1. So, with a 1.4 angstrom probe, what is the percent of accessible area on the stretch 1-73 that is carbon and sulfur?
2. Given the C-alpha centroids of the stretch 9-53 and the stretch 60-103, what is the distance between them in whole angstrom?
3. Can you tell me the mean projection area, over all orientations, of the convex hull of the stretch 59-124's alpha carbons? Units nm², please.
4. When the helices in the chain are scored as -39500 (n - 2.57) per DSSP H run of 4 or longer and the sum is shared across all residues, what 222 nm value do you end up with, to the nearest 500 deg cm²/dmol?
5. Please report the orientation-averaged projected area of the stretch 1-87, defined via the convex hull of its C-alpha atoms, in nm².
6. Each residue of the stretch 31-48 in order: what ³J(HN,Hα) in whole Hz does its phi give by Karplus 6.51 cos²θ - 1.76 cosθ + 1.60, θ = phi - 60°, with x for Gly and Pro?
7. Report the gain in length on full extension from LYS82 to THR23: 0.36 nm times residue separation, minus Cα-Cα distance, nm rounded to one decimal.
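The values are calculated or read from the model by the stated rules, or taken from the named source; none is laboratory data. Keep in mind the model is a prediction, meaning the values are calculated, not measured. We work out accessible area using only protein heavy atoms, side chains counted, and drop any ligands, DNA or RNA first. Shrake-Rupley method; radii C 1.70, N 1.55, O 1.52, S 1.80 Å.
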Amino acid sequence: MIDNRLLKIASNTRFYGLKNVYTYKTNLKNSICGDKISMEISLKKNTIKELRYETEACIFCQASAIILSNVIKSIHEKDLKKEIEIVYKSFNNGKIKLPKKYYLFKPLINKKYKNRTNCILLPFNAILKALRI
């Protein structure tokens, strides 16, 4: 059964919807389950100003996208890869502590959702693809 916290997170549409105002744009599909995400990333002075997205995806991908849209603002482009690596490691090894600003991902990093890791990480993979990191 899906945690009610995930339903609440995924229902937030604050950054949902593309505006065609972006520095980078990408589309990515999860080859395992078919989830799709389109993303627009706006940068100002190499710092992420805004991340907008649209998905045709499961609740796990949707929740991940909205959380990421909230926490990624004001991160310098060169620091993004390091931060994403920490998140990847925490998914692969639950003992690694997430930085405080990624705390909202905690409900997603759960042993019972281990088989949904590709869905949860799809927004991260899309950012890496868009920025060619």
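1. That fraction is 47 percent.
2. 15 Å
3. With every direction weighted equally, the projected area is 4.1 nm².
4. About -12000 deg cm²/dmol.
5. For the stretch 1-87, averaging the hull's shadow over all directions gives 6.2 nm².
6. Rounded to whole hertz, the list is 5, 7, 10, x, 4, 10, 9, 10, 9, 10, 10, 9, 10, 9, 6, 6, 10, 5.
7. 19.2 nm
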